[in-house]
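*Asks:* One structure is given below, represented as structure tokens, and several questions about it will come after.
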Amino acid sequence: MKKIDAFNHIWPKPFFDKLIGYIGTMTDVTMRSGAVPMMTDLDRRFQVMDMFGGDYQQVLSLASPPLEKLAGPDRAYDLGRIGNDSQKELCDKYPERFPAFIATVPMENQEWMMAETKRVVEDLGACAVQIFTNYSGKPLDLPQFEPFFEYMAKSGKPVFLHPSRGANFPDYLTEDRSEYEIFWTFGWPYETSAAMARLVFSRIFDKYKGLKVVTHHAGGMVPFFEGRVGAGWDQMGKRTSDRDLSVVLKALERPHLEYFKEFYADTASFGSTKAIEHAIEFFGEDRVLFASDAPFDPEGGPMYIRETIQVLDNMDISDATRQKIYEGNAKKLLGLK
């Protein structure tokens, strides 16, 4: 079967060179990314891809964190343009390897946000736009981000939602940082789930019909906690005494669990069979896309691809379902030929 890896990450050389020029020394998450050869070395990326045969392709996207976090708000627009243009060039040069790319746009400046979003969709032909679960701690349901969601819903292009949280987000109120990289292991799935909830309960999907959002890492925590998300949240307001939250559910056009089930999810779960099974069960076989999260594994690229393929090949699902996850759903959602 052809395999379209819908969510893996790259720093094209022009983007990487500009980033180094802006920040100089890599630290924390950027240090991790810069240290993986496959992230910046195209020859190494091709070597890894060749391990999985000619039927393996990658939809490119820039690695986290948000552009504003990488180089500051004033440089985010410039960095985004270079990253998006570079990905477009790779797709044009190597279409048999990279059938499409997911753009990344700056979000904290509304004028820049909309200008770059329209450019990547209308001029560059990006198949989707990647955003993050928060921007400098700001939730996605603030009014300043609504023009983006409105435009993406009208465009028909999906939004790819990537978690973002650093060590500066403590696990306990008495501390000033997250210990043992808990911010990543447990914080990122929580970030995804919290962002999903904010989009649902703020009625973003009611306001902007047809909006499609793909969640990284198999939908975060939501599939595992369907009971709490569904029947548990049916009682919203009974745990809160200083305001009336019962009006939130009443304002939605449909039962809230239906909105959560209409997100999409990928299989980037670091080789976890149960995570992928839960994602398929919760979102349905038409809303799960094959993705590896390469190259962020202990081997620097091939491990997560290999492990995810092994999980899907050994899973007790029909070949028709397997084909949808490997290829069909990505083609349909991303508009690939």
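*Asks:* Quick check of the Kirkwood formula: for region 43-149, what is the inverse mean of 1/r over all pairs of different Cα atoms, in Å?
*Replies:* Here the Kirkwood hydrodynamic radius works out to 14.7 Å.
*Asks:* Taking all pairs of different Cα atoms in region 233-283, averaging 1/r and flipping that mean, what Kirkwood radius in angstroms comes out?
*Replies:* 13.3 Å
*Asks:* Quick one: give the max-minus-min coordinate of the C-alpha atoms of region 88-168 along each principal axis, largest first, in Å.
*Replies:* If we take the Cα atoms of region 88-168, the spans are 39, 32, 19 Å.
*Asks:* When the Debye formula is applied to the Cα atoms of region 199-325, each taken as the same point scatterer, what base-10 log of I(q)/I(0) results at q = 0.18, 0.19, 0.23 Å⁻¹?
*Replies:* -0.95, -1.01, -1.28
*Asks:* Looking at region 292-337, what % of the alpha carbon pairs are farther apart than 16 Å?
*Replies:* In whole percent, the share of Cα-Cα pairs in region 292-337 beyond 16 Å is 50.
*Asks:* Gaussian network model of the chain, Cα springs within a sub-10 Å range: biggest mean-square fluctuation belongs to which of ARG228, ARG287, ARG75?
*Replies:* ARG228
*Asks:* Under a point-charge model restricted to the Cβ atoms of Lys and Arg (+1) and Asp and Glu (-1), what is the dipole moment magnitude of region 1-117 relative to its Cα centre, in debye to the nearest 20?
*Replies:* That gives region 1-117 a dipole magnitude of about 280 debye.
*Asks:* While we're here: Quick one: pull the percentage of alpha-carbon pairs in the chain with a separation above 37 Å.
*Replies:* 13 percent
*Asks:* Using a 1.4 Å probe over the heavy atoms of the protein chains, calculate the carbon and sulfur portion of the accessible area of the chain as a whole percent.
*Replies:* C and S fraction of accessible area: 51 percent.
*Asks:* So which aspartates and glutamates pass the test for LYS69, namely a Cα distance under 14 Å, with those fewer than 8 places away in the same chain ruled out?
*Replies:* Within the straight-line limit of under 14 Å, LYS69 reaches these aspartates and glutamates: ASP28, ASP78, GLU108.
*Asks:* Let me know the volume per residue of the alpha-carbon convex hull for region 78-135, in Å³.
*Replies:* In region 78-135, the Cα hull volume divided by residue count equals 72 Å³.
*Asks:* While we're looking at this one, here's another question. Give me the 1.4 Å probe accessible area per residue for the chain, excluding ligands and nucleic acids, in Å².
*Replies:* Value returned for the chain: 45 Å² of accessible area per residue.
*Asks:* So how much slack lies between MET51 and GLU181, counting 0.36 nm per residue of separation and subtracting their Cα-Cα distance, in nm?
*Replies:* 43.7 nm
The values are calculated or read from the model by the stated rules, or taken from the named source; none is laboratory data. Since the structure is predicted, the reported quantities are computational estimates derived from the model, not experimental observations. Every residue, glycine as well, gets a Cβ built from its backbone with ideal geometry; the counts of neighbours run over all protein chains shown. Just the protein is used for accessible areas: all its heavy atoms, side chains included, with ligands, DNA and RNA removed. Shrake-Rupley method; radii C 1.70, N 1.55, O 1.52, S 1.80 Å.
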